[in-house]
1. Need pairs with beta-carbon distance below 8 Å; first residue closer than 21 Å to R76 by Cα and within segment 27-51, second among the polar types (S, T, N, Q) and assigned to a loop (DSSP other than H, G, I, E, B); sequence gap 6+ or separate chains.
2. State whether the residues of segment 91-102 include one that is in contact (Cβ under 8 Å) with a residue 40 or more places away in the chain, surrounded by 11 or more Cβ atoms within 10 Å (Cβ to Cβ), in a strand (DSSP E or B) and under 20 Å from the mean Cα position of the chain (by Cα).
3. Just to check your reading of the model, which residue among R81, R55 is assigned to a helix (DSSP H, G or I) and not hydroxyl-bearing (S, T, Y)?
Amino acid sequence: MPSIEATQHPLRATQACSLLKALSDPLRLQVLDQLSTGERCVCDLTSSLALSQSRLSFHLKVMKEAGLLSDRQSGRWVYYRIRPQALDALQNWLKELTRSCETPASSCAE
């Protein structure tokens, strides 16, 4: 899946698809909600979401590959956080899509 880089504007449809696919799972939305308060350790997320570490790791990987999350390692622990620029890019893409939907169709040439 293509990741979202901070310098890429505007968001391409393939990147939007990656982000939307990563957000399409209810469990991943719960992870996003947990991370909305700030960076969290995997051990905290497994506890608060009552998930096995392997199941959570799979979902974190999908979200990271889509560009939604970044991580850092500190000793034995891995911490994840939301990449706000990915959500901003998706929001801007959706706004542009909404604006283009409001544009009247041009006449068909006969």
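The values are calculated or read from the model by the stated rules, or taken from the named source; none is laboratory data. The model shown is predicted, which means the values in this text are computed figures rather than measured ones. We place every Cβ from the backbone using ideal geometry, glycine too, and count neighbours over all the protein chains shown.
1. Listed by first residue and then by second, the contacts come to T46/S52.
2. no
3. It is R55.
Let's see how each residue does on (1) of a type outside the set (S, T, N, Q); (2) modelled with pLDDT of 95 or more:
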{"site": "M1", "(1), (2)": "yes, no"}
{"site": "A16", "(1), (2)": "yes, no"}
{"site": "C41", "(1), (2)": "yes, yes"}
{"site": "S47", "(1), (2)": "no, yes"}
